[in-house]
Structures are given as C-alpha cells and as structure tokens.
Amino acid sequence: MTVREVLRAITRRWYVLAIALLCALLLGILFTRGSGTFTTKTLVSFTLPARSTLQAESGNSDTSVIAFASAVAAEINNGKPTPTYSSADAPYYGAGVREGVLVGLRNEGGQWIASFPSATIEIQIVGRTYEWVENKQKDLLEDVENTAIAQQSAALTTPEQRITMTVEPLTTKIDEILVSRTSQIAAWIALVLAALIAGTSACVGWDGIMAARRHGRQAKVRPLPRLDRVTA
C-alpha cells in the first residue's frame with residue numbers, strides 16, 4: 001500500500017483516528033492524575049540480647065539471628081515468597097505498584113543471586129496518600145514486634161535472652177514521588193505517537209473492510225448479461 005492510499009483511507013475514515021486520539025487523551029489524563037505516590041523503605045534490625053546495631057559484635061550478621069529475622073518476615077507474609085528484582089536497590093514503586101506492601105529479609109544480591117548478610121527486615125510500602133502509608137507502616141512495625149515476641153515466647157526464651165529488635169530511625173521517613181515535567185512531556189509524545197500509529201492502522205483496516213462490503217453489494221445487484229434470441 002502506498003502513502004497516497006494510506007492518506008486516502010485516513011481522509012475517508014478520519015473518525016477512526018479521532019477515536020484513537022480521544023482514547024489516548026483520556027488515558028493520559030487518567031495516568032496524570034494518578035502519577036503521584038507516597039513510599040517508604042523502613043528497616044528493622046535484629047541483634048543479640050541487649051546489644052546495639054552500632055556495636056561491632058552486635059550479632060546482626062550472626063547466622064542464627066538472620067534465620068530468626070527470616071522466620072519473622074515469612075510469618076508476616078503468611079509464608080509467601082518475597083519477589084526479587086534485578087537490582088537490590090530497586091524501589092517497589094518502580095515495578096508499577098501504586099498501592100502495596102513488600103516485607104522481606106533485606107537482599108543485597110539481586111534477582112539471580114540472593115545474599116542476606118544481615119538480620120534486617122525491609123518493609124517497603126507504596127500508597128496513594130501519606131496517611132495510608134503512615135498507618136500501614138505503624139501496623140507492620142507492630143506486627144513485626146509482636147511476631148518476634150511471640151516466636152521467642154513460644155520457645156520459652158526469657159526476656160533477658162531475647163533477640164533485640166531495632167527500627168532504624170532514618171528509614172521511617174515517607175517520601176512523595178512525583179513525575180518530572182520532562183518525563184510527562186516525553187510520555188505524552190509517546191502516547192500520541194502510539195495513538196497515531198494505531199489509529200492509522202485502524203483507518204486502513206476499516207476502509208478495506210468497507211470497500212470489500214461495497215464491492216460485495218455491487219456484485220449482488222449486477223444485472224445478468226442479455227441473451228439475444230437467434231432465429232433460423
């Protein structure tokens with residue numbers, strides 16, 4: 001099909017292209033309204049009894065303490081595995097999540113090689129409002145603390161011998177993630193181009209269907225050739 005034929009199809013079926021552009025406009029407005037999000041990555045460290053994370057022999061890298069932290073995270077997740085990404089520092093909202101919670105032992109490896117060098121639980125929360133994220137953070141920290149106490153109580157561990165839980169104070173901050181103006185412009189350009197490509201293809205396809213129907217109707221009403229009577 002030549003460029004001229006494509007332009008003719010667009011001229012005849014312009015309303016199809018208009019519908020595609022309108023859908024792109026509505027989709028862009030929807031995405032723009034929901035672009036902002038709030039997130040936090042809170043760290044909870046476990047150490048040997050009555051020891052601080054700042055101490056050299058805190059026990060945060062002890063294998064038994066790491067195993068305990070892993071058990072606490074598994075109970076919070078109801079035994080479900082924690083998803084991993086290609087980079088250990090990949091944010092949860094980077095996966096397209098706009099409202100969700102991710103709890104797991106901090107993985108300093110990646111998607112293909114897991115590495116858990118410390119007894120640290122990472123709580124990632126993504127939400128559309130600051131209040132929702134704040135309430136989720138508070139509830140999950142309480143769940144982690146209650147689970148840690150319950151597991152050690154079930155093992156008949158005395159309070160003096162219990163593993164200590166510490167919330168890293170600098171990680172409780174809740175950040176607002178906004179899309180930059182440059183990214184918004186690039187997204188709109190990409191959305192319009194996609195609508196133009198899809199709309200043009202739809203115009204050509206619909207024009208071909210209508211042309212086939214028109215030829216079919218013309219073939220049905222075409223008169224039969226006249227036969228002249230030949231006399232001897």
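The values are calculated or read from the model by the stated rules, or taken from the named source; none is laboratory data. Because the structure is predicted, anything quoted here is derived from the model rather than measured. Don't worry about glycine lacking a Cβ; one is built from the backbone with ideal geometry, like all the others, and counts go over all protein chains shown. To get the accessible areas, we keep the full protein, side chains included, count just its heavy atoms, and leave off ligands, DNA and RNA. Shrake-Rupley method; radii C 1.70, N 1.55, O 1.52, S 1.80 Å.
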Filter region 110-129 down to residues that are open to solvent by less than 30 Å² (accessible area, probe 1.4 Å) and of a type outside the set (S, T, N, Q) and give me whichever is modelled with the lowest pLDDT. Gly110
Do we have any residue at all in region 29-46 that's among the aliphatic types (A, V, I, L, M) and not in a helix (DSSP H, G or I)? yes
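Would you please name the residue that is farthest from the chain's Cα centre (by Cα), looking only at residues in region 138-157 that are polar (S, T, N, Q) and open to solvent by 20 Å² or more (accessible area, probe 1.4 Å)?
The residue in question is Thr157.
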Scope region 166-185; condition at pLDDT 90 or above and of a type outside the set (A, V, I, L, M); matching residues: Thr166, Glu168, Thr171, Thr172, Lys173, Asp175
Do you know which residues across region 130-161 are touching a Phe, Trp or Tyr at 6+ places or on another chain (Cβ under 8 Å) and either at pLDDT below 90 or aromatic (Phe, Trp, Tyr) (or both)? Tyr130, Trp132
Scan of region 68-83 for residues that are surrounded by 16 or more Cβ atoms within 10 Å (Cβ to Cβ), among the aliphatic types (A, V, I, L, M) and within 12 Å of Ile163 (Cβ to Cβ), ordered by number: Ala69, Val72
How about region 158-170: which of its residues are of a type outside the set (Lys, Arg) and buried (at least 16 other Cβ atoms within 10 Å of the Cβ)? Ile163, Thr164, Met165, Thr166, Val167
Residues of region 28-67 satisfying the condition of being open to solvent by 30 Å² or more (accessible area, probe 1.4 Å), under 24 Å from Asp139 (Cα atoms) and among the aromatic types (Phe, Trp, Tyr): Phe38
